[in-house]
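*Asks:* Okay, handing you the structure first.
The values are calculated or read from the model by the stated rules, or taken from the named source; none is laboratory data. Quantities reported herein were computed from a predicted structural model and do not represent experimental measurements. Positions of Cβ are generated from backbone atoms using ideal geometry, with glycine treated the same way; all protein chains shown enter the neighbour counts.
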Ligand code: FES
């Protein structure tokens, strides 16, 4: 179990290991665009992982390739639909207020 804090609202939610950040964010009643429904195909679920980098799954090839196509990515960028909570540490994510995907 990890505590996930969602910025900018500061809302927190307990998340079971194996849950994607996208599912966690939606479960917290936060709004996040996810046009391709979690297939790493649209990039609209781009978020910044502010804390807890080791508490989520590593970036896979599909996610990496999709991130490469997004404007405004940085070292904290993840696709919420591809990052799975490992339950090993608490996590802080930042929702981005702009549509960065296709
Ligand atoms: S929902 Fe499309 S890439 Fe995550």
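*Asks:* Say whether the condition of being away from the ligand (no atom under 15 Å from the Cβ) and either crowded, with 18+ Cβ neighbours inside 10 Å or over 21 Å from residue 1 (Cα atoms) (or both) is met by at least one residue in the range 56-69.
*Replies:* no
*Asks:* Have a look at 24, 80 and point out the one that is within 14 Å of the ligand (Cβ to nearest atom), touching a residue at least 60 places away in the same chain (Cβ under 8 Å) and in contact with a helix residue (DSSP H, G or I) (Cβ under 9 Å, 6 or more places away or on another chain).
*Replies:* On the way: 24 fails: in contact with a helix residue (DSSP H, G or I) (Cβ under 9 Å, 6 or more places away or on another chain).
Exactly one residue qualifies, and that residue is 80.
*Asks:* Could you grab me the full set of residues in the range 91-102 that are surrounded by fewer than 17 Cβ atoms within 10 Å (Cβ to Cβ) and either touching a helix residue (DSSP H, G or I) at 6+ places or on another chain (Cβ under 6 Å) or modelled with pLDDT of 95 or more (or both)?
*Replies:* Hit for the range 91-102 is 94, nothing else.
*Asks:* Go through (1) closer than 15 Å to residue 94 by Cβ; (2) within 15 Å of the ligand (Cβ to nearest atom); (3) touching a helix residue (DSSP H, G or I) at 6+ places or on another chain (Cβ under 7 Å) one by one and return the number of the condition residue 6 breaks.
*Replies:* With (1) closer than 15 Å to residue 94 by Cβ; (2) within 15 Å of the ligand (Cβ to nearest atom); (3) touching a helix residue (DSSP H, G or I) at 6+ places or on another chain (Cβ under 7 Å) applied to residue 6, the lone miss is (2).
*Asks:* Then there's this: Would you check which residues across the range 10-27 are over 20 Å from residue 77 (Cβ atoms) and outside any strand (DSSP E or B) and list them?
*Replies:* 10, 16, 17, 18, 27
*Asks:* Check whether at least one residue in the range 55-72 is touching a helix residue (DSSP H, G or I) at 6+ places or on another chain (Cβ under 6 Å) and touching a residue at least 40 places away in the same chain (Cβ under 8 Å), and report yes or no.
*Replies:* So the first thing to find is which residues in the range 55-72 are touching a helix residue (DSSP H, G or I) at 6+ places or on another chain (Cβ under 6 Å), and the list is none.
Looking for residues that are touching a helix residue (DSSP H, G or I) at 6+ places or on another chain (Cβ under 6 Å) and touching a residue at least 40 places away in the same chain (Cβ under 8 Å), one finds none in the range 55-72, hence no.
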